[in-house]
Amino acid sequence: MYDVPMAEKPPYWYLISVLASTVPLEPALAMSLYEVACALHRSGEGHGEVVQDRMEGRVRNLHRSFALGSIAGPGFEADLELPEGKGKVRFMLTRQGLDLGARKARLDSALRN
C-alpha cells in the first residue's frame, strides 16, 4: 500500500485505475475525477460535476464494482467537454484511493467538530 502523509497526495494512478478513456488523462484531471468519485461513493449519489479550467463534465456513479487483474473497486464514468471536443473516461477507485478518501473524510469531520 502507498502510505503517505495526509498533506501529500499520492500520484493519481494509486487512487484510480482507468478502464477506458477517449482523452489523454492529465494528472490534474485525474485528481479531479478522483475527488468527485470519492464524494459520490461516500454519499451514494448517482452523479456529480467536475469543472476545471477549459473543461467541464459529469461523473456518474455506476453503482457496481469492476476488477482489472488484482485491482478492484467501485466504477464511475465521466462525460467530458474539452476544448479538443467531447470525451469519456471509465474508471474505478482503487483500494488505496478508497482508504485515502475515508481518512480525508474522517479528518474533515474531526476538524469541523
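Assorted remarks:
- Long-range Cα-Cα pairs in the range 10-91 (distance over 22 Å), rounded percent: 16 percent
- Rounded accessible area per residue of the chain, 1.4 Å, Å²: 60 Å²
- For a straight C-alpha distance cut-off of 17 angstrom, the aspartates and glutamates reachable from LYS86 (same-chain residues fewer than eight places away being disregarded) are GLU26, GLU49, ASP53, GLU56, GLU77.
- Accessible area of the chain belonging to carbon and sulfur atoms, whole % at 1.4 Å probe: 53 percent
- All lysines inside 23 Å of LYS9 as judged from Cα atoms, apart from same-chain residues fewer than 8 positions distant: LYS104
- Relative contact order %, the chain, counting alpha carbon pairs below 8 Å whose residues are six or more apart: 27 percent
- Acute angle (nearest 10 degrees) that the helix 27-43 long axis makes with the longest principal axis of the chain, alpha-carbon atoms: 60 degrees
- Cα-projected label distance for TRP13 with ASP99, points at 7 Å along beta-carbon direction, nm: 1.9 nm
- Amide H contacts of VAL23 (H built 1.01 Å from N, in plane; Pro and chain starts excluded): LYS88 sit under 5 Å, all sequence-distant by 5 or more or on other chains.
- Close amide-amide hydrogen proximity is noted between ALA72 and ARG95, each under 5 Å apart and 5 or more residues distant or on a separate chain (H modeled in the peptide plane; Pro and chain starts excluded).
- Compared with the dominant Cα axis of the chain, that is its longest principal axis, helix 95-112 is turned about 60°.
- Cβ-defined net charge surrounding GLU77, 10 Å radius [Lys, Arg +1; Asp, Glu -1]: +3
The values are calculated or read from the model by the stated rules, or taken from the named source; none is laboratory data. Just so it is clear, the structure is predicted and the values come from calculations on it, not from any experiment. Positions of Cβ are backbone-derived with ideal geometry, glycine not excepted, and every protein chain shown enters the neighbour counts. For accessibility, only protein heavy atoms count, side chains too; no ligands or nucleic acids. Shrake-Rupley method; radii C 1.70, N 1.55, O 1.52, S 1.80 Å.
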